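All remarks here apply to the structure that follows.
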Amino acid sequence: MQTLTVVVPAYNESEGLRDFHARLAKVLDGLDLASDVLYVDDGSRDDTYAVMCALREQDPRVSTLKLARNFGKELALTAGLDHVTADAAIVIDADLQDPPELIPAFVQHWREGYDVVYGTRASRAGETRFKKATASAFYRVMEKLSQTPIPRDTGDFRLLSRRALDALKQVRERQRFMKGLFTWVGYRQLPVVYHRDPRHAGETKWNYWRLWNFAIDGITSFSGAPLKLATYIGLATAALAFVFGLWVLGKALVFGDPVRGYPSLMVVVLLLGGVQLVALGVIGEYLGRLYVESKQRPLYLVDEYHPPHGGG
Ligand code: UDP
Ligand code: MG
């Protein structure tokens, strides 16, 4: 029989985890394959891990993985996916924003031969207009900049086939922008449209600062465009400065030059200084990332792993 593992990263989700599992379990019961659920505790500070262990006691399909601390969702997901031995894996959020009821459709498409079946959001309920607007702007910028086209309005909710999982396992970069990596894998990919529900319980772990950093990670991991941008801004400024220089020189030759010229001097100095700082900053972003990669640290550390103790 085919096997399926559902990977659920969770950080401070104790409030809603039982409801989540109940809804997920119902969907899995209806599938004609052997399924299990891997809960990854990403260093939660509440009793999420205790709830997971309790769920494992009640349901033989449940396994738990506890990370040594909070590594962030991308790494929690990586840790979970690394532990999957099944023929396919599903990635789903623990807050019921991704409806588990979509899983049978994912499985069906997988059986039709697709390697990556991903949920694309037609709507996002329960999120502020600002969040929706920034998210949409981000996806549009990514689309323009990234060499790997990253599908719009798509989260991490998806199914991955065995060979997609094996491919992902070979990608060991540290700044992991999972949405991009899932797409980078290629093979046969298929979107499934769904409506995103509001969070069931608890609150989002993403404030705008975290989202901003996430966006920078996404862009720098999948695009060198900002580096080019720095070059072009530099070139454009140099061209302007050259023209301006000619004009100043001409003026001085024709009219002579008493000491005036302080404003234009300041403008040039400040403008060039600003442009140089921006360019250095952009280079710094990439250099900083190279630095992190060069340290070759492990991506995450596991505290405890408990495989399922029965069933399928
Ligand atoms: N999550 C995680 N580690 C973190 C932050 C979040 O494992 O450091 C999990 C979280 O428990 C949830 C999923 O990632 O299952 C999505 O997080 P959230 O719902 O806060 O993000 P949003 O839906 O608001 O983008
Ligand atoms: Mg959520």
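The values are calculated or read from the model by the stated rules, or taken from the named source; none is laboratory data. This one's a predicted model, so the numbers in the text were calculated from it and none came from an experiment. A quick note on method: Cβ atoms are made from the backbone with ideal geometry, for glycine too, and the neighbour counts reach across all protein chains shown. With ligands, DNA and RNA removed, areas are computed over all heavy atoms of the protein, side chains included. Shrake-Rupley method; radii C 1.70, N 1.55, O 1.52, S 1.80 Å.
Legend: distances between Cα atoms for Lys73/Lys169; Lys131/Lys295; Lys132/Lys205; pairs beyond 25 Å are Lys131/Lys295. The 3J(HN,Hα) values that the Karplus relation (6.51, -1.76, 1.60; θ = phi - 60°) gives for region 176-190 are, in residue order, 9, 9, 4, 3, x, 5, 4, 6, 4, 3, x, 6, 9, 10, 9 Hz. Gly and Pro appear as x. When a 1.4 Å probe is rolled over the protein heavy atoms, the share of accessible surface on region 197-312 that falls to carbon and sulfur comes to 73 percent. Here the label points at Tyr187 and Lys132, each 7 Å from Cα along the C-beta direction, are separated by 3.4 nm in the simple model. A straight chain from Tyr291 to Val171 at 0.36 nm per residue would run longer than the Cα-Cα distance by 41.4 nm. Our Cα-only numbers for the chain put the radius of gyration and Dmax at 25.1, 93 Å. Peptide packing for 123-135, 69-81 was compared via the average number of neighbouring C-beta atoms within 10 Å per residue; ordered from the highest value, the list is 69-81, 123-135.
Taking all protein chains into account, the per residue accessible area for the chain stands at 52 Å² (1.4 Å probe). Peptides 103-111, 4-12, ordered by how many other C-beta atoms sit within 10 Å of their residues on average, highest first, read 4-12, 103-111.
Stretching the chain fully between Val269 and Lys144 yields a gain of 41.7 nm (0.36 nm per residue, less the alpha carbon separation). Placing unit charges on the Cβ atoms only, positive for Lys and Arg and negative for Asp and Glu, gives the chain a dipole magnitude near 1260 debye about its Cα centre. Quick one: plug the Kirkwood hydrodynamic radius of region 1-98 (C-alpha pairs) into Stokes-Einstein at 25 °C, 0.890 mPa s, and report D in µm²/s. Value of D from the Cα-based Kirkwood radius: 185 µm²/s.
Taking 27 Å as the limit for the C-alpha separation, the pairs Lys66/Lys144; Lys144/Lys179; Lys228/Lys251 exceed it in the case of Lys66/Lys144; Lys228/Lys251. Here's the picture: charge each Lys and Arg Cβ at +1 and each Asp and Glu Cβ at -1 in the chain, and of Leu17, Val282, Pro149 the one pushed furthest to the positive end of that dipole is Val282. Looking at the chain alone, DSSP beta bridges between its own residues are antiparallel in about 30 percent of cases. Positive-end ranking of Ser123, Phe214, Leu181 along the dipole of region 109-249, with charges on Cβ about the Cα centre, is headed by Ser123.
In terms of its Cα atoms, region 157-312 spans 93, 37, 34 Å along the principal axes, sorted from long to short. Rounded to the nearest 20, the Cβ-based charge dipole of region 124-179 about its Cα centre (Lys and Arg +1, Asp and Glu -1) stands at 60 debye. Here is how the number arises for the chain: DSSP H runs of 4 or more residues each give -39500 (n - 2.57), the sum is divided by the residue count, and the result at 222 nm is -16500 deg cm²/dmol.
The charge dipole of region 64-132, taken about its Cα centre with unit charges on the Cβ of Lys, Arg, Asp and Glu (plus for the first two, minus for the last two), comes to roughly 440 debye. Think of the chain as a dipole: +1 on every Lys or Arg Cβ, -1 on every Asp or Glu Cβ, centred on the Cα centre; then among Ala239, Leu102, Leu249, Leu249 lies furthest on the positive end.
Computed from backbone phi, the HN-Hα couplings of region 153-168 come to 6, 10, x, 8, 4, 6, 10, 10, 6, 4, 6, 5, 4, 5, 5, 4 Hz, rounded to whole numbers (Karplus: 6.51 cos²θ - 1.76 cosθ + 1.60, θ = phi - 60°; Gly and Pro given as x). Taking the inverse of the mean 1/r over every pair of distinct Cα atoms in region 154-235 gives a Kirkwood hydrodynamic radius of 15.6 Å.
Of interest is the spacing of the C-alpha centroids, which for region 77-99 and region 238-282 amounts to 57 Å.
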